[in-house]
Every structure is written in C-alpha cells, then in structure tokens.
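The structure under discussion appears below in the form of structure tokens.
The values are calculated or read from the model by the stated rules, or taken from the named source; none is laboratory data. A quick note: this is a predicted structure, and the numbers were derived from the prediction, not measured. With ideal geometry, Cβ positions are generated from the backbone for all residues, glycine too; neighbour counts draw on all protein chains shown. For accessibility, only protein heavy atoms count, side chains too; no ligands or nucleic acids. Shrake-Rupley method; radii C 1.70, N 1.55, O 1.52, S 1.80 Å.
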Amino acid sequence: MSATAPGERMPREIFVPARGQYDNIGDILLRRQLLDWLRPNGPLHIYVGEAPDGYAEGLGLAPDDVQYRSFRAWYAAALRSAARGRASYVFKPGEIQLTLIGMKEHLAMLPVLALVRARHGRVARVGVGSRNFAPLPRALMGPSIALSNVSLWRDAATAGYLGQGRIMPDLAFASDGRAEKRDLADEVRDVLVVSMRSDLDYPSDEWLAGVRAVAADNGLTIWCVTQVLRDDDKCGQLAADLDGQALRWNGTGHDEQEQRLRDLYRRAALAVSDRLHVLVGALTEGAVPAALLVSGQPKGGRADKIARHFAAAGLHDVSIDSAGLSIAQIRDRLQNLLGRREPILAGLAEAQAELQTVRRLLDQVLSIESVR
C-alpha cells in the first residue's frame, strides 16, 4: 500500500472475521465476496482461525491483507487500532446460531465495537441470517445491533425477528468476480446435479425415481457432488442409487474443489439439493435450482430456510416438499422448474443488481470519517 501524503485522508483498518465451517465450501463463497467488497475501503485485518490452507486460499486473500490465526492476537490488534481511532469492524456474513456459543462474536466483540464507535469508526453487518428465533438470544443481540451503523439481513424472518435493518439477497447470489462474463442462457446443459445433506433422512424411492425420470426425459447425466465434506458418504450412496456419477471430496484443496464444482455447475440444467449454497452456487453458474426436500430438518434449523433466502432475492417457488408425492408428481414439478429457466435467470440478474446497490451502501458507510 502506498504511503499517505501529509494531510491526506487515510482509510481506516477494517477488522473482519472470516472463519467458518472449514468443511463447507459455501462458507467460502460468502466470506470471499464480502472481503472483495471491503478491500477497496481500507487495509483488511482478517481472522481465519485454524483454517486449513485450502480454505484460506479459497478466500482469495491478497498479499496486503493481514491474516490472523490467533483470535487473541487479532482481538488485541483491533483494540489497539480502535483506541488510536483507526479501526472499523464488519461482522462475518452467514448464519447466526443464536446460542451462547453461536453468538460469541456478537457478545465478545462488544468492547471493540464500543471503542470503534467512540472513536468515530464504523460497524457494519452484511448478509446475516438467524438460524433460530428464541426471545432471550434476541435480547442479547440488542447491544451489538445498536452499535452497528448498518445491519443488512439476508431474509425477511431474520429482519422481522432482530429488526433495525433492511433485507438483502444472500452474498452468494453475487456473480463470481473471478469468472469471465458469460451468457448463462446460451450454454450447453447436459447435467443434473444432486447434493443432499447428511443430517436429514435419506430420499425415498419415489424421490430417487422422480429424479431419474426427469434426467431421462431431458437427456441429462446425473452427477452427485460434495460441497460440504460431511455429506460425502451420502454423495457416494446417491450416485449409486441414481445410476449417476460422483464428484466427491476428501476435505483438502477447497479452492480446487470449488473450481471442479463450478465447472460441473456450468454444465448443469438442474441442481437438486437441500443445501442453500449448493443451489445458490449452481444458480450463479446458470443451473435451475430445485430444493427437493425430504422429511426432517437440520438440527436447530428451519424447514423453510431455502425458501426464505431465495424469496429475499426475489426468487420464489423453488422448494418442493416431496413427502407423499408420487414419482410422476416429483417428475412434473421438477420439469415445471426447468420450464421456468428464463424468468429464474432474470430474477438472478435482478438480485445481483440489488447486491451492487448494497455494495455501494457499504462503501458509503465505510468511507465516512476516514482518519487523517
């Protein structure tokens, strides 16, 4: 970074956590997007924790970024910078588990936030959603929200629950800035992608047969993929039961696995999954998303998670509850989604335009009160 001339305003240091579930490539999509947005606004001080190398590389960290493995060292640096009036803070995007452990960032960082604001720094929360909605955690979140200059929630349920903010599309809906611009509507699509959570029931015979049927009807090859490491065994079993192929993962080289997934998503006509960021990632590469749900729901989660996050991006009716549906009904509903390809891609473009508006708002928030 070039030296600052006397009297010239200098951007504040931006402290941001980027650790996440290290077995989940979806977490990388969110965090990398935010880091790319933040970087032009000032030097980044990024907490990655005990991230494996592939995770850190997937974040696309730049040479000028200051990376911390130690929470204590990062926290102390944030306090020192805030005390000098040089710091701003941005919360990591993604899902908050409103438990004492899950809210650690929002509670532990209160002294830093208070000092940042006292010295005219900025605090922002972008692309955050709640996993549960109990009254007590909401009260505990109050001080953190009150100290934020802007809070942007990624679904309406979270906005209504926590308040004091506006709704935005999930950050993963943004186009991948590392990929060249393409016309998603004109590409050859010969694949049907499947990826299902390991913590939910196994799909029924009707579910499996319905997916096989729509693949056969449209001349699609079934590929089962692993985007979250803990789903890998299920990926292999699904590939066998669907007479498909498998793109599996051993948990290393996150950036390389993401590229393999993107290469396959670019060939996919349809993506069938109960994982939000499999569907979103595939959609950004031109695949039609189909949340073909089985019985049960994630521990501590909500069955409407996918629907409400797509709705916040202006995309509706992508979820199908398969319970009690026949093979023909499942096939017909998947075929109906395939027929909506054009309006779905148009909705994606609108969501991406809205995200650029959010980015401009974040730039405005962070540019106020630069230090001399």
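With the chain treated as a Gaussian network of Cα nodes joined by springs under 10 Å, which of 215, 172, 346 yields the largest mean-square fluctuation? In this elastic network of the chain, the residue with the biggest mean-square fluctuation among 215, 172, 346 is 346. Within the accessible surface of the stretch 142-276, defined with a 1.4 Å probe on protein heavy atoms only, the carbon and sulfur portion equals 46 percent. The relative contact order of the stretch 237-365, computed from alpha carbon pairs under 8 Å that lie at least 6 residues apart in sequence, is 18 percent. For the chain, the longest principal axis of the C-alpha atoms and the axis of helix 135-146 are separated by about 50°. By the equivalent-ellipsoid construction on the alpha carbon gyration tensor, the chain comes out with semi-axes of 38, 21, 19 Å, ordered largest to smallest. Using a probe of 1.4 angstrom and keeping all protein chains present, the accessible surface of the stretch 80-158 works out to 37 square angstrom per residue. Each 5 Å bin from 0 upward holds the following percent of the Cα-Cα pairs of the stretch 23-159: 2, 9, 18, 23, 23, 16, 8, 1, 0. Rounded if a/c is under 1.5, else prolate if a/b beats b/c, else oblate: with a ≥ b ≥ c from the C-alpha gyration tensor eigenvalues square-rooted, which is the stretch 192-236? The shape class here is oblate. Here's how it looks for residue 150: its modeled amide H is under 5 Å from those of 123, 125, which are all 5 or more places away or on a different chain.
Principal-axis analysis of the Cα atoms of the chain puts helix 254-265 at an angle of about 40° to the longest axis. Below 8 Å between Cα atoms, with a sequence gap of 6+, how large is the relative contact order for the chain in percent? 18 percent. Each label was represented as a point 7 Å from its Cα along the Cα-to-Cβ direction; for residue 57 and residue 145 these points are 4.1 nm apart.
Computed from phi, the 3J(HN,Hα) profile of the stretch 59-70 under the Karplus parametrisation 6.51, -1.76, 1.60 (θ = phi - 60°) reads 5, x, 4, 8, x, 7, 5, 9, 9, 10, 8, 8 Hz, with x in place of Gly and Pro. Accessible area per residue for the stretch 254-372 is 42 Å², calculated with a 1.4 Å probe on protein heavy atoms, without ligands, DNA or RNA. Which distance in nm do the two modelled labels at residue 367 and residue 221 give, with both placed 7 Å along the Cα-to-Cβ direction? The two pseudo-label positions are separated by 4.8 nm. Highest GNM mean-square fluctuation, the chain, Cα pairs closer than 10 Å: which of 204, 144, 88? Taking springs between Cα atoms under 10 Å, the residue moving most is 204.
May I ask for the angle, rounded to the nearest 10°, between helix 341-367 and the longest principal axis of the chain, with both axes built from Cα atoms and the value confined to 0 to 90°? The answer is roughly 10 degrees.
When every Cα-Cα distance of the stretch 67-138 is counted in 5 angstrom steps from zero, the calculated P(r) takes the values 4, 15, 23, 22, 19, 12, 5, 0 percent. Express the carbon and sulfur contribution to the solvent-accessible surface of the stretch 311-372 as a percent, rounded to the nearest whole number, probe 1.4 angstrom. Exposed carbon and sulfur together represent 48 percent of the surface.
Quick check: from the Cα gyration tensor, does the stretch 303-354 come out rounded (a/c under 1.5), prolate or oblate?
Judged from the Cα gyration tensor, the stretch 303-354 comes out oblate (a/c at least 1.5, b/c at or above a/b).
For residue 256, the solvent-accessible surface computed with a 1.4 Å probe is close to 110 Å², ligands and nucleic acids excluded.
Derived scalar couplings between HN and Hα for the stretch 219-227 equal x, 9, 8, 7, 10, 8, 10, 10, 9 Hz in order, rounded to whole Hz, by the Karplus curve 6.51 cos²θ - 1.76 cosθ + 1.60 (θ = phi - 60°), x for Gly and Pro. One quarter of the convex hull surface built on the alpha carbon atoms of the stretch 11-88 amounts to 4.7 nm², the projected area averaged over directions. Annotation: amide H of residue 245 within the under-5 Å range of 222, 223, 224, sequence separation 5 or more or interchain, hydrogens built in the peptide plane.
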